[in-house]
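Asker: What follows is a structure written as structure tokens; I'll ask about it next.
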Amino acid sequence: MSWAGLVAVALALVGAPAASAGVEPDAAPSPADADADPAEARGPWIAVALAEGDALAAEPLALTLSGHLADLGVTPTVEARGADEAIARRIAWARASLREGAEAAFWIAAAPAESPGEARLFLLHGDPARLYARPLALPEDPLERQEILGIVIRGLVDALLGRDAPLDMEEVALPEAEAERPAAAPPADAAAAAVGDEGAAPAEPAPPRARLLLGLGYAGSSFAGALPWGHGAALELGAITRPGIVVAGELGWIIHGVLTPTLGGAAYPDARLRLGRAGLGLRVGYAIRFGARRLGLVEPALVARGEAVIWWPQAGSRALRGAGMRVALGPAATLGVELGRGLALALRGELDLWVRNLDLAAHSSVGSVVVVRPPRVGASVLAGLRYAR
Amino acid sequence: MHRARKVWLLALSTAALACRGEGTILELDGGLVEAATGTCRLEIVDAAPGLTLGRTLTSDWEAGSCYELSVTNAGDGRVGWWVLVAIEPAEAAANDRWNHAATALGDGFEEWRGIVASNNVDLDAGAVTTVGACFVC
């Protein structure tokens, strides 16, 4: 998709019948003024819609946005819309903006009474159009409010320019009537008329789809007193559903230092061996975002893991080669911080309760004697990058 | 019915928690002397390098056995000796020991070493010490 007419951001506070004409900075021509393709004529632009009666005025917000977007070469258009406008009409308006050359539209749903200050910012963009949303804490002071909107919208536009998913936003499904509409939609007036039955319009967008989760990083885990800690790498692949439920599979490989078997006080330096652990796990958790820009992440989870323990002799050693299985269940907790573009730094700690464990033994003609007995409880740590899209 | 389910769940949980497998990382020599014949069996599984070992069944009755080991340093230098023995059945309990200290390693395995009181912690080249124990099984 070309950059021309890339982003149209329509910011409309919930409510109010469609109203006044757009306001934009002096230098930017209106799309309606262009003779041919308006998007081609004016370059990339965004449309911002305000709710009538909001503490913000269209003109100062347009100036603020213009300042924030100047280095991106994007021009804002701000317009006031009715405060009690139905969502279908709002989406129709946003679609009309896209057809005029914009490819995205934003609006804000007013804060619910139970949590004042926690508004929700919506964005419609792309072809076919996709709807995104995120919570947004807006202060009372109009100047602060204006500045925060400027920063947030600039970040979003920047992400869209890079053809990334909108930063810190979650995709939400378009209302059914909207999703079924053909791509070649009728003109703006007709579209508005098509959704004129406001009683039939859904009040809120439907629950959104799951996102893919990929992770890669360092893995460390305890084994036994004789082999206290092993190091390796782990890979995870999973999904995050919209309410924040995480289901992920994990694959890991950990290697421990050289083990010199010891029986009682007698060491067997001629039987040194290495031990590795290949693990396959399933994690089910719940991701909770926190922080001013919801960049923080905490994810409590339950993990089930099967592990193949593999050992092999060092050069010249009389130790045997072999393998065995262990199974663990346990709680885990992930702490993370969002880096942007779906990437996050994550640190996870796991408590491993080994329900099926494995002793390492020396065998003789009269039986076996345990050389290494791993405890029932162990610990694992994972640290790395995770990507959600 | 509800109670029975609880019992089953408890039994399964206990079994799962108690579950341990075993992997062999080392094969011990074993068979360092001929097979034992007593009511309680004592096998020499391993020993410090350079030792020559002998085993004698000194007493045997229907509930137990006594064994004596002769430990000879066949090497050139002084050595702190140790012998790894396995007693069968593993539940057999020693009721007498002489000239050594034993460390239980589990599953009937013991490590025997000399003691200061018997002046046999280390053996000079060619030196011999005799140690023993009686077991009830």
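The values are calculated or read from the model by the stated rules, or taken from the named source; none is laboratory data. Note that this is a predicted model, so its numbers are computed, not measured. FYI the Cβ positions are ideal-geometry reconstructions off the backbone, even for glycines, and counts take in every protein chain you see.
Asker: Is it fair to say residue B:74 is modelled with pLDDT of 90 or more, among the small types (Gly, Ala, Ser) and under 12 Å from the mean Cα position of the chain (by Cα)? Before you say what the answer is, go through the steps one by one.
Answerer: On the way: modelled with pLDDT of 90 or more: yes; among the small types (Gly, Ala, Ser): yes; under 12 Å from the mean Cα position of the chain (by Cα): no.
For residue B:74, the condition - modelled with pLDDT of 90 or more, among the small types (Gly, Ala, Ser) and under 12 Å from the mean Cα position of the chain (by Cα) - is not met.
Asker: Could you list, in sequence order, the residues of region A:131-163 that are in a helix (DSSP H, G or I) and either hydrophobic (A, V, I, L, M, F, W, C) or touching an Asp or Glu at 6+ places or on another chain (Cβ under 8 Å) (or both)?
Answerer: Initially, region A:131-163 is screened for residues in a helix (DSSP H, G or I), giving A:142-161.
Answer for region A:131-163, where residues must be in a helix (DSSP H, G or I) and either hydrophobic (A, V, I, L, M, F, W, C) or touching an Asp or Glu at 6+ places or on another chain (Cβ under 8 Å) (or both): A:143, A:148, A:149, A:151, A:152, A:153, A:155, A:156, A:157, A:159, A:160, A:161.
Asker: Next question, about the same structure. Going residue by residue through region A:225-235, is there one that turns out to be in contact with an Asp or Glu (Cβ under 8 Å, 6 or more places away or on another chain) and modelled with pLDDT of 95 or more?
Answerer: Step one: filter region A:225-235 for residues in contact with an Asp or Glu (Cβ under 8 Å, 6 or more places away or on another chain), giving A:234-235.
Restricting the remaining residues to those that are modelled with pLDDT of 95 or more gives A:234-235.
Within region A:225-235, one or more residues are in contact with an Asp or Glu (Cβ under 8 Å, 6 or more places away or on another chain) and modelled with pLDDT of 95 or more.
Asker: Quick one: count up the residues across region A:287-305 that are assigned to a strand (DSSP E or B), surrounded by fewer than 14 Cβ atoms within 10 Å (Cβ to Cβ) and either within 14 Å of chain B (Cβ to nearest Cβ) or not aliphatic (A, V, I, L, M) (or both).
Answerer: The number of residues fulfilling the criteria is 2.
Asker: Let me ask something else. Conditions first: (1) touching an Asp or Glu at 6+ places or on another chain (Cβ under 6 Å); (2) assigned to a loop (DSSP other than H, G, I, E, B); (3) within 12 Å of another protein chain (Cβ to nearest Cβ). Residue B:125 passes all but one, so which condition is the exception?
Answerer: (3)
Asker: Looking at residue A:141, is it more than 18 Å from residue A:343 (Cα to Cα) and at pLDDT 75 or above? Can you show your working first?
Answerer: Working: more than 18 Å from residue A:343 (Cα to Cα): yes; at pLDDT 75 or above: yes.
Yes, satisfied.
Asker: Also: Working carefully through the options A:257, A:281, A:276, find the one that is outside any strand (DSSP E or B), out of contact with any Cys (no Cβ under 7 Å at 6 or more places or on another chain) and under 19 Å from residue A:379 (Cβ atoms). Don't jump to the end; show me each part of the working.
Answerer: Working: A:281 fails: outside any strand (DSSP E or B); A:276 fails: outside any strand (DSSP E or B).
Sole residue among the options that is outside any strand (DSSP E or B), out of contact with any Cys (no Cβ under 7 Å at 6 or more places or on another chain) and under 19 Å from residue A:379 (Cβ atoms): A:257.
Asker: If the Cβ limit is 8 Å and pairs must be 6+ apart or interchain, which residue in region A:278-292 that is assigned by TED's automatic domain parsing to the domain that holds residue A:330 pairs with which residue that is of a type in the set (Gly, Ala, Ser) and not in a strand (DSSP E or B)?
Answerer: If the second residue must be of a type in the set (Gly, Ala, Ser) and not in a strand (DSSP E or B), the pairs left are A:286/A:244; A:287/A:244; A:288/A:244; A:289/A:244.
Asker: Take region A:56-79 and flag every residue that is of a type in the set (Ser, Thr, Tyr) and under 15 Å from residue A:147 (Cβ atoms).
Answerer: Step one: of region A:56-79, the residues of a type in the set (Ser, Thr, Tyr) are A:64, A:66, A:75, A:77.
Selection gives A:64, A:66.
Asker: So which strands (runs of 3 or more DSSP E) stay within region A:306-389 end to end and still have 3 or more residues that are touching an Asp or Glu at 6+ places or on another chain (Cβ under 7 Å) and more than 8 Å from chain B (Cβ to nearest Cβ)? First the steps, then the outcome.
Answerer: Values: elements: A:322-340, A:343-364, A:367-372, A:377-388.
Qualifying strands (runs of 3 or more DSSP E): A:322-340, A:377-388.
Asker: Here is a follow-up. List, please: which pairs have Cβ atoms under 9 Å, are six or more places apart or on different chains, and start with a residue in region B:111-137 that is over 14 Å from residue B:77 (Cα atoms) and end with one that is part of a helix (DSSP H, G or I) and not charged (D, E, K, R)?
Answerer: Hits for this filter: B:129/B:118; B:131/B:118.
Asker: Quick check on region A:371-389: of everything there that is modelled with pLDDT of 95 or more, buried (at least 17 other Cβ atoms within 10 Å of the Cβ) and of a type in the set (Gly, Ala, Ser), which residue is farthest from the chain's Cα centre (by Cα)?
Answerer: Going through the qualifying residues, I end up with A:378.
Asker: Also: Within region B:74-94, how many residues turn out to be surrounded by fewer than 20 Cβ atoms within 10 Å (Cβ to Cβ) and in contact with a Ser or Thr (Cβ under 7 Å, 6 or more places away or on another chain)?
Answerer: 1
Asker: A follow-up question, please. Can you name every one of the strands (runs of 3 or more DSSP E) wholly within region B:56-112 that holds 2 or more residues which are over 25 Å from residue A:267 (Cα atoms) and more than 9 Å from chain A (Cβ to nearest Cβ)? Show your work before the answer.
Answerer: Numbers: elements: B:64-73, B:82-88, B:93-98, B:101-106.
Those strands (runs of 3 or more DSSP E) span B:64-73, B:93-98.
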